[in-house]
Amino acid sequence: MHIVLGAYLLSGTPGYRQAGIHQYIKHLLYSLADSQSQPDWRFTALVSPTALAEGPVRLALQPARCSTEHPLVRVIVEQLDTPHLLRQLGADLYHGLGFAVPLRAPCPTVVTVFDLSFITHPQAHRRFSRWYLARFTRWSCWRAARVIAISEWTKRELVRHFGLPAERIDVTPLGVDHDHFRPPPAEQVAAFRARHGIGEASIFYLGSLEPRKNLPRLIEAFARLCAGHPDLPATLFIGGSPAWKYEPIVARVRALGLDERVRLIGRVSAEELPLWYAACAVMAYPSLYEGFGLPPLEAMACGTPVVASNAAALPEVIGDAGLLVAPTDVTGLANALWRVLSDPDLRAGLQAKGLARATRFTWARTAALTLESYRRALASLPSR
């Protein structure tokens, strides 16, 4: 069986494009190739020419004729070039790893959908992306033999907004690389804190800088925390690459006079990310909408307490291992941060719960559930 995966959203350019979807694609490709449950299956990934230099043994790479980093170019390659490639490769099944599949695919398809924020929060997306996703995601889902949702929340959204039959949707949660995201040695954390000026009351955010992440409210909550507890030596570290409409974040910091206490540290390297999680006292993630939420899961795997919004799929990921607050409740967010910073027993309890909960999420499980979706898609064909 030859499975071809549309990995055009895998990015070779450091920045916000290497956030959640990129991480999902990268880890899924490697985990599928490592899986031993279907040793007779072959996998080919269709990628941008600069996305991956080489893949694992069981994963062949088929570069596109040009870079797919630009959205319009990616759409053209995905919809016009891919059907020909699938015939050429003799594909038995095509998996679109990011919202869409070629509408003229010559073989059965599976599509992964992360969220429907382009419908429910259209103002948070660029006009072209909103237009394309709203149409092609719907069409792709109805055409696909199986639809993969990364959370129960996304599954419910697909049923609600697209009218998809629930029985055609497979929930496949994302994972965390436990070899990389784990509590670092104490001496490494101490040295990292000293090098970056990270105090005991430091708060860390990680994610792309865009409207959906709700960062102006986090900054307002931090301002209230500082005003209510003037002796608290708190610092807010905001990690992540600028995406779009991020200017209000900088403006809010300046308007509240927090230039000395809010540090925008930009893109965080994969090597340093576990140290950032572990070095800060709490991870804050007040997003308005998430189909899953990888950063809070990574933080929990590193032993860092999490304060997050109770929106969308975040409660599925965090459970009772973190403090959840309504994303529009600035006072509630400030109070939750203060509780974690001021209560050592609460902090220790959240650390233990977070570490235990994170073990439930692995990329091997993501791959296993994905393979099961492929089997269901192939079994649904009349000739199978």
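The values are calculated or read from the model by the stated rules, or taken from the named source; none is laboratory data. Since this is a predicted model, take the numbers as computed values, not measurements. With ideal geometry, Cβ positions are generated from the backbone for all residues, glycine too; neighbour counts draw on all protein chains shown.
Numbers for the structure displayed
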{"quantity": "Options VAL147, VAL189: the member that is among the β-branched types (Val, Ile, Thr) and farther than 18 Å from HIS95 by Cα", "calculated": "VAL189"}
{"quantity": "Residue ID - farthest from CYS141 (Cα to Cα), chosen from residues in region 352-383 that are assigned to a loop (DSSP other than H, G, I, E, B) and of a type in the set (S, T, N, Q)", "calculated": "THR359"}
{"quantity": "Test: LEU288 is in a helix (DSSP H, G or I) and hydrophobic (A, V, I, L, M, F, W, C)", "calculated": "no"}
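Every residue, every condition in (1) touching a Lys or Arg at 6+ places or on another chain (Cβ under 8 Å); (2) in a helix (DSSP H, G or I); (3) in the same structural domain as LEU275 (by TED's automatic domain parsing); (4) aromatic (Phe, Trp, Tyr), yes or no:
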{"site": "GLU298", "(1), (2), (3), (4)": "no, yes, yes, no"}
{"site": "VAL307", "(1), (2), (3), (4)": "no, no, yes, no"}
{"site": "PRO327", "(1), (2), (3), (4)": "yes, no, yes, no"}
{"site": "LEU333", "(1), (2), (3), (4)": "yes, yes, yes, no"}
{"site": "LEU337", "(1), (2), (3), (4)": "no, yes, yes, no"}
{"site": "ARG347", "(1), (2), (3), (4)": "no, yes, yes, no"}
{"site": "LEU350", "(1), (2), (3), (4)": "no, yes, yes, no"}
